[in-house]
Amino acid sequence: MAELNTGDSGGGKGGKIRSKKNSGSVDLTAMVDLAFLLITFFMLTTTLSKPQSMNLAMPDKDPDLVEKNKTEVADDRTMTVLLGKDNQLMWYFGQLQAPFVAPTKEVYGKDGIRKVLLQYIKSVPARYGNDPKKGLIVIIKATSEANYKNIVDILDEMAITKVQTYAIVDISQPELDLLSTQGLN
């Protein structure tokens, strides 16, 4: 805003007429208004980052639907992962009564279960002429001692290794007994 200098006309002791020099000032009102308008605009038009989650389809609990939708799979395509206590897991290939690969303790991560999964992802379809519909099936079973982090870690391994078919199911008593003998339950 401009200021008007209305000083006296120098009617004092007769000398030169000098005007008063005021220091310059800048009115920042318009700049502050513009800044708040820009902040408001960007706050309203920016989208916040959306949480990333994995899609997980859970089956119905209706016993009639479970019995109707039961699917038999070949034992030489099935790997079972048992989640125990203290961030430990055990896996076997085939049926527990007569496994193709005996139950083995493993750890999480790239040098543990991920390495095993990648090995079987390549070898299982090779038995069926590399048919993509005949890939590895992973069955995940957690004990009551396993924590939420263990479930998330094994689901992350499924996503990292790109296992096409996997399921989370209830653990059976013989599997609990196996984990107890190994100190994982």
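Which length gain, in nm to one decimal place, applies between ASP33 and ARG18 when the Cα-Cα distance is subtracted from 0.36 nm times their residue separation? Write out the running numbers ahead of the final one.
Numbers: separation 15, 0.36 × 15 = 5.40 nm, distance 3.76 nm.
Gain on extension, ASP33 to ARG18, equals 1.6 nm.
Treating only the Cβ atoms of Lys and Arg (+1) and Asp and Glu (-1) as charged, compute the dipole magnitude of the chain about its Cα centre; round to the nearest 20 debye.
On the way: 22 positive and 22 negative charges, 262 e Å.
Using Cβ point charges on Lys, Arg, Asp and Glu, the chain gives about 1260 debye.
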Q | Per-bin percent of Cα-Cα distances, the chain [10 Å] | A | 7, 24, 22, 9, 5, 6, 6, 5, 5, 5, 4, 1, 0
Q. So for the pair SER25, ASN147, with labels modelled 7 Å out along Cα→Cβ, what separation do we get in nm?
A. 6.3
Q: Quote to one decimal, in nm, the extra length available between ILE160 and LEU44 on full extension: 0.36 nm per residue of separation minus the C-alpha distance between them.
A: 38.2 nm
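Just so you know, all these numbers are worked out from the coordinates, no wet-lab data involved. From a predicted model like this one, the values you see are computed outputs, not experimental measurements. Cβ coordinates were reconstructed from backbone atoms using ideal geometry, including for glycine residues, and neighbour counts include every protein chain displayed.
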